[in-house]
Amino acid sequence: MRFLTLSLGFNADGPQKVSSKARLDGIVAQALWAEDAGIDAFAVGEHHTPDTEVSSPPVLLAAIAARTRRIRLFTAVTVLSVLDPVRVYEDYATVDNLSDGRVELIIGKGNTALQQEVFGYHEDDQWDRIEEKYDLLRLLIDNESVTWSGKYRPPLNDFSVRPRFLQQRPPIWHGSATSTRSTELAARHGDPLFSANVTGRLEQYRTLVEDHRRRWADHGRDPSAAVVGAGSAAVHLAPTSQQARAEFEPIFAERPRRVFSFAQQSSFVDFADAIAHGSWFVGSPAQVTESILRHQEVLGHSVQHIGEVDLVDPVRRAGAELFVDQVIPQVRNRLSGSAGTGSLDDDILGSGSVDEPHLVATAARRQENDQ
């Protein structure tokens, strides 16, 4: 199993609010910590709401790319429903080149109604928009020159987009939270699915992942070959479960007031319910290991995101370090022979092929990093 951390850049009004610069600098610091800790990937979200600072993920990922060497660079998610696919291609192809081919996208429609209002779109056609835009994005990736016409942007006539991605076929995941439209789009294109697995109960996400695999088979593919990633609402560890819960429960109680969209979506009645039936991985190393393995048994995923790492709070940072030191090795050992095996390049993470000289250079850098 591969692991990634992410930041959505939440920075709502209140005692903990900081300047935009401090929040963005902190996100870059999280990515540097993740690389030093041996985490496989780092993701940034994209929100266009007053409580977040990450509205331009390619710019932020470029800053991270300039200061890292190994870690994969994800979006979580690229809100394709309100973006121009030509600009999406140009932005992320630029980052892909600057990062030596480390970019992976998770596309989605987004989860707030405000973005539709801000960009002048209607919620009722957002799925039609994302499907058309994704079809065009794939054409741009797969072809040097594109002639295209559609409903939601001006036509293209023998258009060649630059720069080209360094990866010949950059991995694109489909974010999945509530609708089978995303599971169908991913299955149709033979793409991996990233289950949000955050605000709802595990069974909700099991249903969507199973639907994805059924549709994968309907398109003539082996359902066992469908690649799935899964999110988490939060991760916090301490030497004992009692200590971990005591440390994190105040954060759980405060979160609906700090996060604009969370209060509208959470389906849990209390903290204990969230731990028992959701992806709130809070407890001792042994308990969190078992929780992740239980989710993996249900969802069959090979990539797990572990939420945001709080480097400012020493208690939260200690919990993250405990996760890296004890949980990741145990999960991979327990899954050895299934979702836990193989090198980084064997999974979707890093599977976008690039030219041989780039592979040689990347391998040399990885060897140097390991020494």
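The values are calculated or read from the model by the stated rules, or taken from the named source; none is laboratory data. Fair warning: this is a prediction, and the values are worked out from it, not measured in the lab. Note: ideal-geometry Cβ built from the backbone for every residue, glycine included; neighbour counts use all protein chains shown.
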Selection within the range 249-267 - at pLDDT 90 or above, buried (at least 17 other Cβ atoms within 10 Å of the Cβ) and either out of contact with any Phe, Trp or Tyr (no Cβ under 8 Å at 6 or more places or on another chain) or more than 15 Å from Ala234 (Cβ to Cβ) (or both): Ile251
Selection count where residues are in contact with a Phe, Trp or Tyr (Cβ under 8 Å, 6 or more places away or on another chain) and either within 21 Å of Pro171 (Cα to Cα) or modelled with pLDDT of 95 or more (or both), scope the range 29-51: 10
Qualifying residue in the range 108-120 (condition: part of a loop (DSSP other than H, G, I, E, B) and exposed (fewer than 13 other Cβ atoms within 10 Å of the Cβ)): yes
Matching residues, the range 180-237, being of a type in the set (Ser, Thr, Tyr), under 18 Å from Asn111 (Cα atoms), out of contact with any strand residue (DSSP E or B) (no Cβ under 7 Å at 6 or more places or on another chain) and modelled with pLDDT of 95 or more: Thr180
Unmet criterion (only one of (1) more than 18 Å from the chain's Cα centre (by Cα); (2) more than 21 Å from Ile328 (Cα to Cα)) for Asp36: (2)
Every pair of residues 6+ apart whose Cβ atoms lie under 6 Å, when the first sits in the range 6-23 and is under 18 Å from Leu60 (Cα atoms) and of a type in the set (Val, Ile, Thr) while the second is surrounded by 14 or more Cβ atoms within 10 Å (Cβ to Cβ) and at pLDDT 95 or above: none
Qualifying residue in the range 263-277 (condition: of a type outside the set (A, V, I, L, M, F, W, C) and in contact with a strand residue (DSSP E or B) (Cβ under 8 Å, 6 or more places away or on another chain)): no
Matching residues in the range 120-130 - criterion: being modelled with pLDDT of 90 or more and either touching a helix residue (DSSP H, G or I) at 6+ places or on another chain (Cβ under 6 Å) or among the aliphatic types (A, V, I, L, M) (or both): Gln126, Trp127, Arg129, Ile130
Residues of the range 151-186 that turn out to be within 26 Å of Glu210 (Cα to Cα), crowded, with 16+ Cβ neighbours inside 10 Å and of a type in the set (S, T, N, Q), as a count: 3
Selection count where residues are part of a helix (DSSP H, G or I) and either surrounded by fewer than 20 Cβ atoms within 10 Å (Cβ to Cβ) or under 12 Å from the mean Cα position of the chain (by Cα) (or both), scope the range 66-81: 2
Filter pass, Gly350 being at pLDDT below 95, of a type in the set (Gly, Ala, Ser), crowded, with 20+ Cβ neighbours inside 10 Å and under 26 Å from Trp173 (Cα atoms): yes
Pairs where the first residue, in the range 25-41, is assigned to a helix (DSSP H, G or I) and the second is basic (Lys, Arg), C-beta under 7 Å, 6+ apart: Val28/Arg67; Leu32/Arg67; Glu35/Arg70
Test result for Gly300, farther than 24 Å from Leu105 by Cβ, modelled with pLDDT of 60 or more and surrounded by fewer than 22 Cβ atoms within 10 Å (Cβ to Cβ): no
Complete set of residues in the range 280-317 that are among the hydroxyl-bearing types (Ser, Thr, Tyr), under 24 Å from Arg72 (Cα atoms) and in contact with a strand residue (DSSP E or B) (Cβ under 7 Å, 6 or more places away or on another chain): Ser302
